[in-house]
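Here the structure is laid out as structure tokens; the discussion comes afterwards.
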Amino acid sequence: MLTKEQVEHVALLGRLELSDAEKETYATQLSDILEYFEALNKIDTENIPPTAHVLPIKNVFREDKVSEHLDNEMALANAPAKEGNSFKVPRII
Amino acid sequence: MAIQYEIVIGLEVHSELKTASKIFCCSSTEFGGDPNTHICPVCLGLPGVLPVTNKKVVEFGIKAGLALNCTIAEFSKFDRKNYYYPDLPKNYQISQYDLPIAEHGYLDITVDGQQKRIGITRVHMEEDAGKLVHEGETMATSRYSLVDYNRTGVPLVEIVSEPEISSPEEARLYLEKMKAILQYTDVSDCKMEEGSLRCDANISVRPVGQKEFGTRTELKNMNSFRALQKALEYEAERQIEVLEDGGRVIQETRTWDEARGITLSMRSKEEAHDYRYFPDPDLVPMVISQQWIEEIRQTLPELPDARKERYVTDYALPVYDAEVITGSKELSDYFDEGLKHTANAKALSNWVMGELLKYINTSGLSVAGVDFPIPPANLAELVELIDRGDISGKIAKDVFADMQEKGERPSVIIEARGLKQISDEGAIAAVVNEVIAKNPQSVEDFRNGKDKAIGFLVGQVMKATKGQANPGVVNQLLRDKMK
């Protein structure tokens, strides 16, 4: 079972504000999910290399060429706040 | 007895790679530009976009790794480093975690005439973050910040050293050598003032003989070689003082305050880093063949150490000269070009390290620039003119000043201004006779064994000939006539 502190830590990493009730609920639910994934630990992976990608592909590259940029107005269109050419964000610390 | 401390430093260098487009998209990497004009849906991290790796970034990563004597990975991949900070639009940075492009290298520095090897742990590729401009005086008191994502996605290599640097001076030498190597290999501009070369430092102190490392702090915001050394000097002293007072060093990030000459704690919230790295599913792994590595190895130019060696062995330059000149690729290329026009390497080196460097520093011009008024062949010609006795070293400085102004060849300037040195004994003899006649006291002194008196007489002849007489000839004539 996840502790309340662990739930709070995960919530902080995801920038989620949780009520005490939610913390309890998620502690149970997250524990259930982790338990379900425990099944994977039963598989013998001794000689299996770690997966870097789900598909067997490699070396997909593009050439070093510049193409069109997004228009500044369009780039800022969905910004919750802006000033001049820039995105505006709330105080950081 | 007072405890002796030793300093342990490791450096993390970030260098922007000289590609035209960003690491995972086709936006321009050009420095400057209005905020948020060099961006596209990929570097903005809009939903549904697919990043694709710029091949040149991988080539540059391999090239930097080879130049730093690293082993290049046969298999490498990109990972997501997750953290919340508005300079990243995606809330993660694409970087490399456990399989970096290059590992286990080194570079050599010269400390007090001794060579020292500093290990390089790893070189990895990643995307740069955007730029924040904070409203108000300080970050802590500002109400909001403005974000410019032009720099987001510009390719970087991060180069991590082993904790094998033992002094602030060594740290500066390491960074200077790193800059030279990256410039020679042509993978980065390394302009510290534009942020294309940046350096963070980890530093700790421990009593001499102690095996375990002391608690380290991480220093940021050093924007010049000098600042790096100063910040480390300050921080080492600060840590020693803390220990001497019976305290303990706190592991934290500190920022260098250039104006006040001190480091300050950046501690905001006590939050341990928890980056939750995982392979980026949008990007495919890279398998790097020996053939590809060899092809890139073939493109490696002569590196600073090899060039230094060549100057010392082939041209008998002092090690000091060779180091100063090879410290900058531009300067060294200039010197090499000049050597095609004169055999007097030492004299050319003196001019390059003296007048030329002085001129570069005051004018702010680059010797590699098309508008640089003194091409290497002209400086070499000046050296030749002095060697041939056409002009004295003193007049040469005058001519050098004109070369800056007019961009002309020294021979043309000398001709036009009638500065050619007079070596003809007949012409000089007349002046010598006159000077001897006018200064009986000095002549008397000289004859009485005061050898110094000749200096005054030579000076008088030089003055009378406006510095154009050959001082060697003048000296000889005076001695002959006063016998």
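Take the residues in the range B:277-316 that are under 25 Å from B:Gln183 (Cβ atoms) and touching a strand residue (DSSP E or B) at 6+ places or on another chain (Cβ under 7 Å), then tell me which one is nearest to the other protein chains (Cβ to nearest Cβ).
B:Ile288
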Query raised in the report: Looking at (1) in contact with an Asp or Glu (Cβ under 9 Å, 6 or more places away or on another chain); (2) surrounded by 10 or more Cβ atoms within 10 Å (Cβ to Cβ), which is the one condition that is false for A:Tyr26?
Result: (1)
Report summary line: With criteria (1) open to solvent by less than 60 Å² (accessible area, probe 1.4 Å); (2) of a type in the set (A, V, I, L, M, F, W, C); (3) closer than 30 Å to B:Glu135 by Cβ, A:Leu12 comes up short on (1)
Query raised in the report: Out of all the residues in the range B:439-471, which are out of contact with any helix residue (DSSP H, G or I) (no Cβ under 8 Å at 6 or more places or on another chain) and open to solvent by less than 50 Å² (accessible area, probe 1.4 Å)?
Result: B:Gly455, B:Gly459
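Matching residues to (1) free of Cβ contacts under 8 Å to residues at least 60 places away in the same chain; (2) closer than 19 Å to B:Asp200 by Cα:
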site: B:Ile120; (1), (2): yes, yes
site: B:Ala129; (1), (2): yes, yes
site: B:Arg143; (1), (2): yes, no
site: B:Pro168; (1), (2): no, yes
Query raised in the report: Can you pull out the residues in the range B:317-375 that are closer than 19 Å to B:Leu182 by Cα, open to solvent by 30 Å² or more (accessible area, probe 1.4 Å) and not in a helix (DSSP H, G or I)?
Result: B:Gly327, B:Ser328, B:Ser366, B:Ala368
Query - Pair list, Cβ under 9 Å, 6 or more apart: the range B:210-223 residue outside any strand (DSSP E or B), other residue open to solvent by 70 Å² or more (accessible area, probe 1.4 Å) - result: B:Thr215/B:Arg248; B:Thr215/B:Ile250; B:Thr215/B:Gln251; B:Arg216/B:Gln251; B:Asn223/B:Glu193; B:Asn223/B:Glu258
Requested in this report: Quick one: in the range B:29-55, of everything that is open to solvent by 40 Å² or more (accessible area, probe 1.4 Å) and more than 9 Å from every other protein chain (Cβ to nearest Cβ), which residue is nearest to A:Glu63 (Cα to Cα)?
Outcome: B:Leu50
Requested in this report: Among the residues of the range B:2-19, write down those that are under 16 Å from B:Lys55 (Cβ atoms) and either away from chain A (no Cβ under 14 Å) or open to solvent by 50 Å² or more (accessible area, probe 1.4 Å) (or both).
Outcome: B:Lys18
Report task. Could you tell me whether B:Glu59 is within 10 Å of another protein chain (Cβ to nearest Cβ), more than 29 Å from B:Ala231 (Cα to Cα) and not in a loop (DSSP other than H, G, I, E, B)? Result -> yes
Query raised in the report: Here are some residues: A:Glu46, A:Glu68, A:Glu63, A:Glu38. Which one is within 14 Å of chain B (Cβ to nearest Cβ) and loosely packed, with under 10 Cβ neighbours inside 10 Å?
Result: A:Glu68
Requested in this report: For the range A:75-89, state whether one or more residues are within 14 Å of another protein chain (Cβ to nearest Cβ), more than 20 Å from B:Pro51 (Cβ to Cβ), open to solvent by 70 Å² or more (accessible area, probe 1.4 Å) and in contact with a strand residue (DSSP E or B) (Cβ under 7 Å, 6 or more places away or on another chain).
Outcome: yes
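Considering only residues of the range B:112-141 that are in a strand (DSSP E or B) and open to solvent by less than 20 Å² (accessible area, probe 1.4 Å), which is farthest from the other protein chains (Cβ to nearest Cβ)?
B:Ile118
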**Report entry** Residues of the range B:201-220 satisfying the condition of being surrounded by fewer than 20 Cβ atoms within 10 Å (Cβ to Cβ) and farther than 10 Å from B:Thr253 by Cα
**Finding:** B:Arg206, B:Pro207, B:Val208, B:Gly209, B:Gln210, B:Lys211, B:Glu212, B:Phe213, B:Thr215
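The values are calculated or read from the model by the stated rules, or taken from the named source; none is laboratory data. These figures come from a predicted structure and were not determined experimentally. Backbone-built Cβ (ideal geometry, glycine too); neighbour counts: all protein chains shown. Side chains are part of the model used for accessible areas, which takes the heavy atoms of the whole protein and leaves out ligands, DNA and RNA. Shrake-Rupley method; radii C 1.70, N 1.55, O 1.52, S 1.80 Å.
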